[in-house]
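> Quick one: this structure, given as C-alpha cells, is what I'll be asking you about.
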Amino acid sequence: MAPLLDWIEMPIMQFKADGAYDGSSTHDAVTNFGPAAAVAMLPRANALGSDHPGQRYRVITAITADSRMK
C-alpha cells in the first residue's frame with residue numbers, strides 16, 4: 001500500500017475502500033501518509049479491535065456495540 005501512496009503528490013483528505021482492504025496495515029499506511037485523512041472503510045465481519053486507538057478501532061467498537069447495519 002505505501003508504495004502506491006508515494007505516487008500521490010498532494011495531501012490525502014479521505015481514503016475510501018471496501019472491506020477487502022481493511023486491516024491495520026492499510027489504516028496505518030494512509031494515516032502515516034496523511035495524518036488528517038479520514039479513512040472510510042467498513043471493517044471485515046470478523047475484524048477484531050486492538051489496543052491501538054484510531055479510526056479503525058472506533059469503527060469496530062461502534063459496530064460491536066450497535067451492529068453492522070446501524
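Values quoted throughout were computed directly from the atomic coordinates according to the rules given, and no laboratory measurement underlies them. All values derive from a computational prediction rather than experimental measurement. All Cβ positions, glycine included, derive from the backbone under ideal geometry; neighbour counts span all protein chains shown.
> So for the stretch 2-66, taking the charge dipole from beta-carbon charges (+1 Lys/Arg, -1 Asp/Glu), which of Q14, G34, A45 sits furthest toward the positive end?
After comparing all options, I get A45.
> Separate question: Going by C-beta contacts inside 10 Å, put T64, T26 in order with the fewest on the left.
T64, T26
> Okay, moving on. Going by C-beta contacts inside 10 Å, put I8, I60 in order with the fewest on the left.
Ordered from fewest to most neighbouring Cβ atoms within 10 Å, I8, I60 come out as I8, I60.
> R0 = 25 Å: FRET efficiency of L4 with R44, Cβ-based, nearest 0.05?
0.75
> With an 8 Å Cα cut-off and a minimum separation of 6 or more residues, compute the relative contact order for the stretch 2-66 in percent.
31
> Follow-up. Please rank S24, S67, fewest neighbouring Cβ atoms within 10 Å first, as an exposure proxy.
Lowest to highest Cβ neighbour count: S67, S24.
> Given Cβ point charges of +1 (Lys, Arg) and -1 (Asp, Glu) and nothing else, what value in debye, to the nearest 20, does the dipole of the chain about its Cα centre take?
Its charge dipole is roughly 320 debye.
> Can you tell me the orientation of helix 55-66 relative to the chain, as the angle in degrees between its alpha-carbon axis and the longest Cα principal axis, to the nearest 10?
It is inclined by approximately 20 degrees.
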